[in-house]
Ligand code: HEM
């Protein structure tokens, strides 16, 4: 590393303890805090969270450097390390050789032909779900999307009706999601050792879920064969390139739990924000309806084969994830010194790359707050550098469920928008709530209008 590297700019504090204000500001409103930091200090800026030095990278080339070119200089940040309490050593949280092996084993389960067979489940579940709605109903569409994507991931993952097994899987998962956030609090390592009611509730919910998952794994091991779901693929996978073996029950449990969690909340949020944006932009909504009505003549249901004929629906989803990326930031811990442009990021620093901030950068997206799906025509995409858009991350840790998510997103939009239009309830506050994923704080309350 060259000696000439500079120290990255950031807020300077002369008073002792004043750094704490940055930390408080970050925790209170990380989206605004990080946006402001990059406006004030440029593409590489630093601040402190207590003793932890934090850098934000806000240029596509720097993001590519950290996620792809020099990815071996990093490991996952604290949030995902803490998430091991729930996800164990699954794909999202594991590191190094273990991660590479698990990824080799799991990847085929997400191959195109395999996930195409899930298209029918997605459409069927969406049609059934929306079939329960009534014209004029008021719903929280964020909540509805969460239930729908959870049911879909349950069915595609282990051929289980999650909604009907509500007492077991559904209930335990709801509890876990509520309590998961607790794991990310400062000092949660110590808090969780105390006999607090929340800690106990979390442990009980995790134990309930574990029992169900291990039971399903056991049944499958005995039954054998391929039931066509993700779990079958994970069970049958053998590490041909490595030790030739498969996954232990514990590894399977960790992957199942990971896919369960990673595979529904993100897509649900992407869809919730999409319905919100459509309700605010009638010209986009009309164009979308025109495309869907033409492709799905006679009100037939969409299939995976229709996807190439629904390019505008895909553009709408892409633009929605630009403005409201479900994964709003990626964190990495630097294992060695890293060169970010002309600056040095010392080993031990936390590096943040925020999709929310990058996707709203006027250098790459003129008039950035405008919702405009035309930014996603092939010609328009050509004009922007890679990593100016990275809702699914990048490099070896890129989202393994990306193909699944695009297919689910577009098919659900087509299935639902074919029959329903949504109108935001007047005065309903739409507020971004950046937790593990970017949720709408008060949900998205809409009135339903039946189209057909
Ligand atoms: C719109 C929907 C989705 C978004 C925005 C999203 C976003 C992401 C991002 C940004 C990462 C990388 C995190 C990092 O580098 O630290 C990731 C990883 C991952 N995602 Fe997704 N995801 C989505 C849907 C899904 C679905 C549907 C599944 C499974 C069915 C899934 C499973 C995973 C897994 C297992 C990983 C870890 C991959 C690895 O490290 O090898 N995701 N996702």
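The values are calculated or read from the model by the stated rules, or taken from the named source; none is laboratory data. Please read these numbers as outputs of a predicted model, since none were measured by experiment. When we count neighbours, we look across all protein chains shown, and the Cβ atoms used for this are built from the backbone with ideal geometry, even at glycine.
Values computed for the structure shown
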| item | result |
| --- | --- |
| Residue among 105, 80, 62 that is within 12 Å of the ligand (Cβ to nearest atom), touching a strand residue (DSSP E or B) at 6+ places or on another chain (Cβ under 8 Å) and either modelled with pLDDT under 95 or part of a helix (DSSP H, G or I) (or both) | 80 |
| Test: residue in the range 346-359 that is more than 22 Å from residue 45 (Cβ to Cβ) and surrounded by fewer than 20 Cβ atoms within 10 Å (Cβ to Cβ) | no |
| For residue 320: the one exception among (1) within 22 Å of residue 441 (Cα to Cα); (2) part of a strand (DSSP E or B) | (2) |
| All positions within the range 417-452 that are part of a strand (DSSP E or B) and free of Cβ contacts under 8 Å to residues at least 40 places away in the same chain | 433 |
| Among the residues listed as 151, 142, 160, the single one being within 16 Å of the ligand (Cβ to nearest atom) and touching a strand residue (DSSP E or B) at 6+ places or on another chain (Cβ under 6 Å) | 142 |
| Which listed residue is surrounded by 16 or more Cβ atoms within 10 Å (Cβ to Cβ) and out of contact with any helix residue (DSSP H, G or I) (no Cβ under 7 Å at 6 or more places or on another chain), from 154, 170 | 170 |
| Identity of the residue in the range 83-100, surrounded by 16 or more Cβ atoms within 10 Å (Cβ to Cβ) and within 11 Å of the ligand (Cβ to nearest atom), that ends up modelled with the lowest pLDDT | 83 |
| Those residues of the range 358-371 which are without any contact (Cβ under 8 Å) to a residue 60 or more places away in the chain and either more than 16 Å from the ligand (Cβ to nearest atom) or at positive phi (or both), in sequence order | 362, 363, 365, 366, 367, 368, 369, 370 |
| Restricting the range 382-405 to residues that are more than 8 Å from the ligand (Cβ to nearest atom) and in a helix (DSSP H, G or I), the residue that is surrounded by the most Cβ atoms within 10 Å (Cβ to Cβ) | 403 |
| Unique residue being out of contact with any strand residue (DSSP E or B) (no Cβ under 6 Å at 6 or more places or on another chain), in a helix (DSSP H, G or I) and crowded, with 18+ Cβ neighbours inside 10 Å when the list is 414, 379 | 414 |
| Any chance residue 247 is assigned to a loop (DSSP other than H, G, I, E, B) and within 15 Å of the ligand (Cβ to nearest atom) | yes |
| Residue within the range 38-52 that is more than 19 Å from the chain's Cα centre (by Cα), under 22 Å from residue 354 (Cβ atoms), modelled with pLDDT of 95 or more and within 16 Å of the ligand (Cβ to nearest atom) present | no |
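Residues are listed down the side, and each one gets a yes or a no for (1) within 16 Å of the ligand (Cβ to nearest atom); (2) in contact (Cβ under 8 Å) with a residue 24 or more places away in the chain:
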{"residue": "223", "(1), (2)": "no, no"}
{"residue": "234", "(1), (2)": "yes, yes"}
{"residue": "242", "(1), (2)": "yes, yes"}
{"residue": "261", "(1), (2)": "yes, yes"}
{"residue": "281", "(1), (2)": "no, yes"}
{"residue": "291", "(1), (2)": "no, no"}
{"residue": "303", "(1), (2)": "no, yes"}
{"residue": "312", "(1), (2)": "no, yes"}
